Structures are given as C-alpha cells and as structure tokens.
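See structure below.
The values are calculated or read from the model by the stated rules, or taken from the named source; none is laboratory data. Please read these numbers as outputs of a predicted model, since none were measured by experiment. Don't worry about glycine lacking a Cβ; one is built from the backbone with ideal geometry, like all the others, and counts go over all protein chains shown. To get the accessible areas, we keep the full protein, side chains included, count just its heavy atoms, and leave off ligands, DNA and RNA. Shrake-Rupley method; radii C 1.70, N 1.55, O 1.52, S 1.80 Å.
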Amino acid sequence: MKRHFTLILIVFPLIIFAQANKIFRQALKSTDLNERIELLTQAIELEPKKLDAYFYRGLAKNDLGDYYGAIVDYSKVIVAEPDADTYFNRGNSRYSLENFEGAKEDYQKAIELDPYFVDAHYSLGCANYDLGDYETALKNFNNVIKIQPYYSKAYTLTANIFSFQKEYKKALLDYSLAVSIDPNAETYYNRGVFYMKINYYKKAKSDLSSSIRLNGNNGFAYFYRGASELLLGKYKPALSDFLTALKFDDLDFDAMLGLAMTYYRLKDIPNSKLYFNKAKDILQTNTEAKEGIDLFENTYWYQNQYYFFKEAFVKLNDI
C-alpha cells in the first residue's frame with residue numbers, strides 16, 4: 001500500500017502539470033484577450049511557477065489597457081527569472097502610463113541583458129525624448145542606427161530633435177533619410193511639415209501630396225497642404241484642402257482661419273467673415289479673455305506665419 005501511495009504522489013503533480021500546459025496552449029490560440037487572460041489565470045492556479053503564463057497574461061492585459069495589471073505580472077517574472085523581453089514589455093506598460101523614468105530603467109535593464117536589443121534602444125530614446133533629454137535621446141537613437149542602419153523611425157526622431165535645436169540642415173538630412181528608407185505617408189508628412197517650418201512651400205506641398213496619396217485619412221496633412229497653397233497663392237486648391245480638413249475636425253480653428261484668409265484673397269467677403277467669426281467664437285470659449293490679435297496666439301498662423309497672419313488679421317478684423 002505504501003508503494004501505491006508513493007506512486008499517487010508522483011503521478012498527481014504530473015497530471016496537474018499536463019493540465020496546466022494544455023490550458024496554456026489553449027490560451028495562446030485564443031484571439032479573445034479576456035478569454036486568454038481567464039485561461040492563463042487557470043493555468044497559473046494549477047501551476048503557480050509557470051512564468052510563461054504570467055508573461056503572456058501581462059501582454060494580454062497590456063493590450064487591453066490594464067497597464068498596472070500587466071506590470072504586476074511582468075514583475076513576477078522578473079523577480080523569479082529576469083530576462084530582456086520582460087523588462088522591455090514592463091517598460092512599455094510603464095511608458096503607456098507616462099512613467100517615463102520607470103520605463104527608462106526597464107529599457108536599460110533590457111539592454112544590459114541584450115546589448116543588441118534594437119527596440120529597447122529605440123524605446124529608451126523615446127523615453128528620454130519625452131522627458132526632454134534630447135542629447136541622451138540622440139545617443140540612444142544613434143545606437144539604434146548602429147545596430148540597424150535602416151530604422152526609419154529613429155531618423156525621424158533625430159530629425160525632430162535637430163529641428164527643435166534649429167539645426168535645420170541636419171534635420172532635413174534625417175527626414176530625407178527616413179523618406180528614402182521607408183517612403184510612406186508618415187515619413188512624407190513629417191518632412192512636409194518640416195518644409196513648412198522652414199518656408200519651403202513648394203517642397204512642402206509636394207511631400208504633403210505624396211502623404212495624402214498614400215493615406216487620405218490624415219486631416220492634418222490636408223490642413224498643411226492648404227496652408228502651403230495659400231502661401232503660394234494657389235487659392236482654389238487651398239479652399240478645397242481647408243474644407244477637407246474641417247470634415248475631419250469641424251472645430252479646427254486653424255482651418256477656419258485659412259478659409260477666412262483664402263476667401264478674402266478671392267474677394268468672397270461674406271465667406272471670409274463667416275469663417276473668421278467662427279474661429280473667433282471657438283477661441284473665445286477656449287481661452288481667457290483676450291483682445292485683438294493676441295486672441296489667436298495658440299493658432300498655427302500666429303505661431304508660424306505671424307507677419308502673414310498679422311497683415312491678414314488687420315483686413316479681416318475690419319470686415
């Protein structure tokens with residue numbers, strides 16, 4: 001009898017282990033994240049040391065927006081058996097909670113365990129970028145490029161940093177590298193907006209047109225292209241683009257101001273007045289009481305095309 005009892009003690013854990021594995025495999029096949037979490041929880045209850053179950057449950061929780069829950073699951077894995085992937089994913093959950101310092105720590109740990117983990121280098125750069133530590137972020141993105149020279153997103157963010165620092169030649173070079181590596185709607189859009197910043201309106205229009213051709217669902221691209229057309233004196237195309245931008249956001253006061261200025265150039269005073277007043281009404285409800293041109297200080301036109309807008313404002317305000 002004693003031998004039978006010993007046999008039962010040996011076989012029973014094996015049965016539980018097999019059942020936990022079966023449920024775990026079933027969970028990974030499920031496309032329903034809630035069901036996956038439920039199944040992984042069952043697997044953990046049967047086999048509390050099953051670290052893969054905690055890891056995949058963390059992924060599922062993160063994808064559902066339960067970032068705190070994901071962090072708890074990743075942390076259980078890290079305490080027991082730290083690895084680069086788990087640190088990286090915990091960093092992503094912390095990043096989603098805008099805990100950039102915590103995310104930095106996790107990305108750094110991931111890199112310590114795997115120095116060639118390119119996504120961890122990139123994410124570390126993003127965390128430093130969002131913290132405003134641009135010099136460190138540049139180093140992080142350069143590490144990305146050393147490991148993977150064709151990582152277009154790294155070039156876009158280095159370009160953004162150079163643009164902030166008013167190193168426009170370097171910025172243009174990196175925006176252009178991003179376009180060359182991955183000529184998609186986003187890379188064309190980013191370079192087009194940069195061209196607007198440095199007053200290269202024809203080039204901006206070309207890039208923004210390429211972006212819209214590849215993805216017609218970006219209302220900002222229509223606005224910026226409309227702005228380039230207005231500044232180039234192409235008034236009818238500008239009208240079309242500003243009106244399209246308003247279809248994406250009917251409270252877009254920048255597009256309304258663009259329409260007001262464009263209609264004025266076309267001598268359509270009623271529509272010019274209509275859209276100027278619409279923009280004023282929105283801005284007056286969104287800001288503290290301000291008078292004159294200062295009411296528009298948070299607009300694209302005031303911040304980026306001040307002298308052009310100031311001239312137009314005087315005329316529009318007299319309508």
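Brief remarks follow.
- Only residues that are closer than 14 Å to ALA312 by Cα and among the small types (Gly, Ala, Ser) were counted in segment 235-278, giving 3.
- Residues that are among the polar types (S, T, N, Q), under 23 Å from ASN143 (Cβ atoms), under 17 Å from the mean Cα position of the chain (by Cα) and part of a helix (DSSP H, G or I) do occur in segment 115-124.
- Residues satisfying the stated conditions in segment 213-230, i.e. open to solvent by 20 Å² or more (accessible area, probe 1.4 Å) and in a helix (DSSP H, G or I): ARG213, LEU214, PHE220, TYR222, TYR224, ARG225
Yes/no matrix, rows are residues, columns are (1) open to solvent by less than 30 Å² (accessible area, probe 1.4 Å); (2) over 31 Å from the mean Cα position of the chain (by Cα):
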site: LEU259; (1), (2): yes, no
site: LYS267; (1), (2): no, yes
site: LYS278; (1), (2): no, no
site: ASN286; (1), (2): no, no
site: GLY292; (1), (2): no, yes
site: TRP301; (1), (2): yes, no
site: GLU311; (1), (2): no, yes
site: LEU316; (1), (2): yes, yes
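- Apart from one condition, LYS267 fits all of (1) of a type outside the set (S, T, N, Q); (2) part of a helix (DSSP H, G or I); (3) on the phi > 0 side of the Ramachandran plot; the exception is (2).
- Residue within segment 231-239 that is over 22 Å from SER209 (Cβ atoms) and open to solvent by less than 50 Å² (accessible area, probe 1.4 Å) present: no
- Just so you know, in segment 75-85 the residues that are assigned to a helix (DSSP H, G or I) and closer than 18 Å to GLU47 by Cβ include one that is least open to solvent (accessible area, probe 1.4 Å), and it is VAL77.
- Segment 194-212: number of residues that are open to solvent by less than 70 Å² (accessible area, probe 1.4 Å) and out of contact with any helix residue (DSSP H, G or I) (no Cβ under 6 Å at 6 or more places or on another chain): 2
- Consider segment 47-74 and keep the residues that are touching a Lys or Arg at 6+ places or on another chain (Cβ under 7 Å) and either modelled with pLDDT of 95 or more or not aromatic (Phe, Trp, Tyr) (or both). The one that is surrounded by the fewest Cβ atoms within 10 Å (Cβ to Cβ) is GLY69.
- When we screen GLU135, GLU101 for residues that are acidic (Asp, Glu), part of a helix (DSSP H, G or I) and either touching a strand residue (DSSP E or B) at 6+ places or on another chain (Cβ under 6 Å) or without any contact (Cβ under 8 Å) to a residue 12 or more places away in the chain (or both), the only hit is GLU135.
- Scanning segment 105-123 for residues that are surrounded by 21 or more Cβ atoms within 10 Å (Cβ to Cβ) and of a type in the set (D, E, K, R) yields one hit, ASP106.
- Tallying residues that are surrounded by 15 or more Cβ atoms within 10 Å (Cβ to Cβ) and outside any helix (DSSP H, G or I) within segment 22-46 yields 1.
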